[in-house]
Ligand code: T46
């Protein structure tokens with residue numbers, strides 16, 4: 001089986017009032033967090049992503065609902081289901097990612113190692129394949 005994403009299990013600090021999960025930069029998150037964004041209200045049937053990053057690393061977690069993350073390093077492919085607010089994945093550099101099958105209530109939280117930089121994106125799959133295979 002491919003292992004394109006590292007998995008992080010967060011401790012759920014729940015009590016009688018409800019649940020609480022902590023993510024700390026340079027600790028349970030394996031980099032200094034420079035940016036946080038979240039994706040929600042994704043229309044049914046819509047897929048997102050379809051790119052890779054040269055330098056960006058991200059931790060991604062479905063804090064509500066469910067979606068599928070399709071990962072590809074140019075040699076192997078893997079599908080990871082995100083459906084647990086206590087379980088995140090770390091996506092390294094040069095991994096093609098697509099997000100599919102969002103549930104209506106899905107909220108995806110993304111912690112990023114870099115500020116937003118469009119020039120870090122590889123949005124064309126053929127270009128990604130050439131770069132990742134060193135051609
Ligand atoms: C990723 C997946 C999981 C910004 O201006 N700043 C930002 O920090 C981000 C993330 C996006 N944008 C702009 C760029 C586009 O005009 O917001 C628009 C939507 O972004 P994009 O089409 O890249 O969204 P997704 O959901 O396809 O991809 C995003 C992240 O860009 C990407 O790094 O891994 O979520």
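Restricting 84, 105, 124 to those that are out of contact with any helix residue (DSSP H, G or I) (no Cβ under 8 Å at 6 or more places or on another chain) and in contact (Cβ under 8 Å) with a residue 24 or more places away in the chain reduces the list to 105. With respect to the conditions (1) exposed (fewer than 15 other Cβ atoms within 10 Å of the Cβ); (2) under 27 Å from residue 129 (Cβ atoms); (3) in contact (Cβ under 8 Å) with a residue 40 or more places away in the chain; (4) more than 9 Å from the ligand (Cβ to nearest atom), residue 19 falls short on a single one, namely (2).
When the range 71-88 is filtered for residues that are within 11 Å of the ligand (Cβ to nearest atom) and either surrounded by fewer than 20 Cβ atoms within 10 Å (Cβ to Cβ) or over 19 Å from residue 36 (Cβ atoms) (or both), only 71 remains. Restricting 36, 95 to residues that are in contact (Cβ under 8 Å) with a residue 60 or more places away in the chain and surrounded by 19 or more Cβ atoms within 10 Å (Cβ to Cβ) narrows the list to 95.
The rows are residues; the columns are (1) at pLDDT below 95; (2) in a strand (DSSP E or B); (3) under 12 Å from the mean Cα position of the chain (by Cα).
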{"site": "2", "(1), (2), (3)": "yes, no, no"}
{"site": "42", "(1), (2), (3)": "no, no, no"}
{"site": "59", "(1), (2), (3)": "no, yes, yes"}
{"site": "62", "(1), (2), (3)": "no, yes, yes"}
{"site": "71", "(1), (2), (3)": "no, yes, yes"}
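Scanning the range 98-108 for residues that are within 11 Å of the ligand (Cβ to nearest atom) and surrounded by fewer than 20 Cβ atoms within 10 Å (Cβ to Cβ) yields one hit, 98.
Filter the range 37-51 for residues that are more than 9 Å from the ligand (Cβ to nearest atom) and touching a strand residue (DSSP E or B) at 6+ places or on another chain (Cβ under 8 Å) and give the result. 38, 40, listed by residue number.
The values are calculated or read from the model by the stated rules, or taken from the named source; none is laboratory data. Note that the coordinates shown come from a computational prediction; the quantities given were computed from them, not determined experimentally. Neighbour counts run over all protein chains shown; Cβ positions are idealised from the backbone, glycine included.
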